[in-house]
Amino acid sequence: TKMSYKVSVIIEKDEYGYYAYCPELEGCQTQGDSIEEVLANIKEAIELYLETLSEDETKALLSKEILTTSLEVEIA
């Protein structure tokens, strides 16, 4: 049976391209030259990572709710 999970993905851009990681899954990270490439790579990395876990382990790791937002701050 295939299970579907929603996972958080953080993407950072630097001078070398894009870096993506999944905060719920320690060590699950990848890179790519474009947004499309890094998203495809992290999706594959997450799927491979989850395949190594039991269903209970997966549910436990993905039960955390990770929220991201932006704040505007002012400095003098």
Please work out if residue 66 is open to solvent by less than 90 Å² (accessible area, probe 1.4 Å) and assigned to a loop (DSSP other than H, G, I, E, B). yes
State which residue pairs qualify: first residue under 17 Å from residue 27 (Cα atoms) and inside region 58-76, second residue open to solvent by less than 100 Å² (accessible area, probe 1.4 Å) in any location, beta carbons under 6 Å apart, and separation of 6 or more residues or different chains. 58/50; 61/24; 62/5; 62/24; 64/24; 66/8; 66/23
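Give the residue that is surrounded by the fewest Cβ atoms within 10 Å (Cβ to Cβ), with candidates limited to residues of region 1-29 that are among the aliphatic types (A, V, I, L, M) and part of a loop (DSSP other than H, G, I, E, B).
Taking the candidates together, the pick is 3.
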In region 1-14, what residues are free of Cβ contacts under 8 Å to residues at least 24 places away in the same chain and farther than 26 Å from residue 69 by Cβ? 1, 2
Of (1) of a type in the set (A, V, I, L, M, F, W, C); (2) modelled with pLDDT of 95 or more; (3) surrounded by 16 or more Cβ atoms within 10 Å (Cβ to Cβ), residue 61 fails just (2)
Matching residues in region 30-54 - criterion: being open to solvent by 70 Å² or more (accessible area, probe 1.4 Å) and either β-branched (Val, Ile, Thr) or under 21 Å from residue 69 (Cα atoms) (or both): 39, 52
Just the residues that are free of Cβ contacts under 8 Å to residues at least 24 places away in the same chain and outside any strand (DSSP E or B), please, taken from region 30-44. 33, 34, 36, 37, 40, 41, 43, 44
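The values are calculated or read from the model by the stated rules, or taken from the named source; none is laboratory data. None of these values were measured; they are calculated from a predicted model. Heads up, the Cβs are rebuilt from the backbone with ideal geometry, glycines too, and the neighbour counts pull from every protein chain shown. Remember, those area values only see protein heavy atoms, side chains included, never the ligands or the DNA or RNA. Shrake-Rupley method; radii C 1.70, N 1.55, O 1.52, S 1.80 Å.
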